[in-house]
Amino acid sequence: MRPKQPENTLEEERQVLPSLEQLELDPDEQSATHGQGGTPLIDVPWERMDKFGLAGGFWQTLKRAMLRPQDFFGHMPLHGLAMPLAFFLVIGCVQIAAQLFWDSAGMTFLDLFLQRPDVEQSGLSLGEGGYLLFIIYPLILTVALFAIAGLHHLFLMASQAAQRGFEATFRAVAYGSAPLVLAVIPFVGDLVGLAWNVSITIIAYRYIHRTSYTRVGLAMLIPLVALLLIGLYFRMVS
């Protein structure tokens, strides 16, 4: 006879990792690898272009990351950094291209309330934006992604929430950027996308690291408290 597993432990596992029946995914999408406790892992469509194609993989990944983040990140395998980085670069380039376009058309959030100078007078043009987009901006995005993921991982480690290593944090930041694609919507797309991005990233940390919202929340508060203390210190010194 096998000892019965405590009910509270089973309930905690259900809360952290939804069952595969709830996923309603094609069985072929299930990876051959398994996570902690033998949990089946689901391949990321963006990383299975052989099956979904480029556009299909991108679209399916967007939908799953934005609409079903618990399932998406909770059953995500760790297959390296290259594909998450590529996804992040695509999102970033779409975002900056949309921002430049709407800015040149005078259709940004600030344009709802402010009379801003003409784009040419302000020194910004779509030509300059194109140069930034295709040559410099991807390099900036790459450095930013590694920096953000690295800092967040340190904070997660400090709160004992980093259960699956740096790659898990990197993937959470990269695929959690999916809502930033909403920048293609004029006026409010940037703000909505940013708020959605923050929410999904918090959910991603909780599920991909098999941890709790309490630990993730603590990790997110650490830099805010540090900045507050630094600000108070300089104010007292001056």
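Only a single criterion out of (1) at pLDDT 90 or above; (2) part of a helix (DSSP H, G or I); (3) open to solvent by 40 Å² or more (accessible area, probe 1.4 Å) is not satisfied by PHE87, namely (3). From the list GLY231, GLY217, GLY150, GLY165, exactly one residue is more than 18 Å from the chain's Cα centre (by Cα), open to solvent by less than 50 Å² (accessible area, probe 1.4 Å) and farther than 30 Å from ALA105 by Cβ. Which is it? Just a single option satisfies the conditions, and that option is GLY231. Taken as a whole, the structure places THR142 among residues that are in contact with a helix residue (DSSP H, G or I) (Cβ under 8 Å, 6 or more places away or on another chain), outside any loop (DSSP other than H, G, I, E, B) and farther than 19 Å from ALA65 by Cβ. Apart from one condition, ARG235 fits all of (1) free of Cβ contacts under 8 Å to residues at least 40 places away in the same chain; (2) of a type in the set (D, E, K, R); (3) under 30 Å from LEU41 (Cβ atoms); the exception is (3). Examine segment 112-127 for a residue that is open to solvent by 50 Å² or more (accessible area, probe 1.4 Å), modelled with pLDDT of 90 or more and either of a type in the set (A, V, I, L, M) or in contact with a strand residue (DSSP E or B) (Cβ under 8 Å, 6 or more places away or on another chain) (or both), and state whether such a residue exists. Scanning segment 112-127, I find no residue that is open to solvent by 50 Å² or more (accessible area, probe 1.4 Å), modelled with pLDDT of 90 or more and either of a type in the set (A, V, I, L, M) or in contact with a strand residue (DSSP E or B) (Cβ under 8 Å, 6 or more places away or on another chain) (or both), so the answer is no. Residues that are open to solvent by 20 Å² or more (accessible area, probe 1.4 Å) and part of a loop (DSSP other than H, G, I, E, B) within segment 75-84 comprise LEU78, HIS79, GLY80, LEU81, listed in sequence order. Residues in segment 186-204 that are surrounded by 14 or more Cβ atoms within 10 Å (Cβ to Cβ) and touching a residue at least 60 places away in the same chain (Cβ under 8 Å): PRO186, PHE187, GLY189, ASP190, GLY193, TRP196, ILE200, ILE203, ALA204.
The values are calculated or read from the model by the stated rules, or taken from the named source; none is laboratory data. A quick note: this is a predicted structure, and the numbers were derived from the prediction, not measured. Note that we place each Cβ from the backbone using ideal geometry, even for glycine, and neighbour counts take in every protein chain shown. We work out accessible area using only protein heavy atoms, side chains counted, and drop any ligands, DNA or RNA first. Shrake-Rupley method; radii C 1.70, N 1.55, O 1.52, S 1.80 Å.
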